[in-house]
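Enquirer: This is the structure I want to talk about, given as C-alpha cells.
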Amino acid sequence: MNSVAAQGSLIVISGPSGVGKASVLKALLVKSPDLYYSISTTTRLPRRMPDGTVERDGVEYFFVSDQEFKSMIEQDEFLEWAEFNGHYYGTPRAYVEKLLVEGKKVVLELETKGAAQIQKIMPEATLIFLVPPSMNELECRLVGRRTEDLNEVDKRIGIAYEEMKAAVLYDYQVVNDVVDRAADQIKDIIDVVTFDHRQL
Ligand code: 5GP
C-alpha cells in the first residue's frame, strides 16, 4: 500500500478535546476544497450540539454498535482504530486507500494513539497537532460548549493533559487562538508539504 499511497497525501490532525478541531477543520475544508475529509466510525452515541441539533450518521461519524465495530476490526476494515474515553473510533480503510491511490489529499482527525499508528504504517503522512492557547482556556471551552455532562468534561480534561504530552511527536504544532488563523496556518502547511515540485 505504501508505494501506491505515495501518490496521494495523508494529513492527520489531532488535539485535545475542546481545542476546536471541528471548527478549524470546517474552516480548513472551505479554504481548501481539494481536501477530502474521512468520516470516522465510532461506538459513541451521537452528541447534541450547542445549537440543539444532533450529530447525524454518515455526516459527523458513522455510528455503530460495539459488536459491529469488533466485526469491522476482524474484517480488517480500519486503517487504524483506538479506544478513547470508553468508546472506539476507527478510520475506514477502503475509503482512504481509494482516495490516496487516486492521488487525493486526505485529512484524518484522530486522537493521539491512532495518529501514532498512522505514523508507523505511513511515515510519509503529515501530522499536525492543534494546541489550545492555554490549558485554562481549554477547560473553559470544554465546560462552555455544554456538549457533555460535567463528569464527562472532567474525564476529557484528564485525557487532554495526557494528550498534550504527545504534541512533541507531531511534525507541526498550531495554536488555535482564532479559528480562521489556525485554519490558514494548517492550509499553508498542507500547501507546502503537498507541493508538486514537478510543476517547477
Ligand atoms: P469525539 O468523541 O470528541 O468526537 O472524539 C474523541 C476523540 O476521538 C477526538 O480526539 C477525535 O479526534 C478522535 N477521533 C475521531 N475519529 C477518530 C478515528 O477514526 N480514529 C481515532 N484514532 N481517533 C478518532
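Enquirer: Assess whether residue 153 counts as being surrounded by 14 or more Cβ atoms within 10 Å (Cβ to Cβ) and over 23 Å from residue 12 (Cβ atoms). Walk me through it before giving the result.
Expert: Values: surrounded by 14 or more Cβ atoms within 10 Å (Cβ to Cβ): yes; over 23 Å from residue 12 (Cβ atoms): yes.
When the stated conditions are applied, residue 153 passes them.
Enquirer: I would also like to ask the following. Pick from region 104-138 the residues that are among the basic types (Lys, Arg) and either without any contact (Cβ under 8 Å) to a residue 40 or more places away in the chain or under 23 Å from residue 86 (Cβ atoms) (or both): which of them is surrounded by the most Cβ atoms within 10 Å (Cβ to Cβ)? Explain how you work it out, then say what you get.
Expert: From region 104-138, those among the basic types (Lys, Arg) are 104-105, 113, 120; that's our starting set.
Then keep just the ones that are either without any contact (Cβ under 8 Å) to a residue 40 or more places away in the chain or under 23 Å from residue 86 (Cβ atoms) (or both); that gives 113, 120.
Working: 113: 16, 120: 10.
The extreme case among them is 113.
Enquirer: Taking helices (runs of 4 or more DSSP H) that do not extend beyond region 133-200, which have at least 3 residues that are of a type in the set (Val, Ile, Thr)?
Expert: Details: elements: 135-144, 150-164, 179-193.
Result: 150-164, 179-193.
Enquirer: Specify which of the listed residues (21, 26) is within 13 Å of the ligand (Cβ to nearest atom), under 14 Å from the mean Cα position of the chain (by Cα) and either without any contact (Cβ under 8 Å) to a residue 60 or more places away in the chain or closer than 21 Å to residue 130 by Cα (or both). Talk me through it step by step, then tell me what you get.
Expert: Values: 26 fails: within 13 Å of the ligand (Cβ to nearest atom).
Selected residue: 21, the only one of 21, 26 that is within 13 Å of the ligand (Cβ to nearest atom), under 14 Å from the mean Cα position of the chain (by Cα) and either without any contact (Cβ under 8 Å) to a residue 60 or more places away in the chain or closer than 21 Å to residue 130 by Cα (or both).
Enquirer: Hey, among the residues in region 29-67 that are hydroxyl-bearing (Ser, Thr, Tyr) and buried (at least 16 other Cβ atoms within 10 Å of the Cβ), which one's nearest to the ligand (Cβ to nearest atom)? First the steps, then the outcome.
Expert: Looking only at region 29-67, we keep the residues that are hydroxyl-bearing (Ser, Thr, Tyr), and these are 32, 36-38, 40-43, 53, 61, 65.
If we keep only those that are buried (at least 16 other Cβ atoms within 10 Å of the Cβ) as well, we get 32, 36, 38, 40-43, 61.
Values: 32: 19, 36: 14, 38: 8, 40: 3, 41: 7, 42: 6, 43: 10, 61: 7 Å.
This residue is 40.
Each reported figure results from applying straightforward, stated rules to the coordinates on display, with no laboratory input. As the structure is a computational prediction, the values presented were derived from the model and not from experiment. FYI the Cβ positions are ideal-geometry reconstructions off the backbone, even for glycines, and counts take in every protein chain you see.
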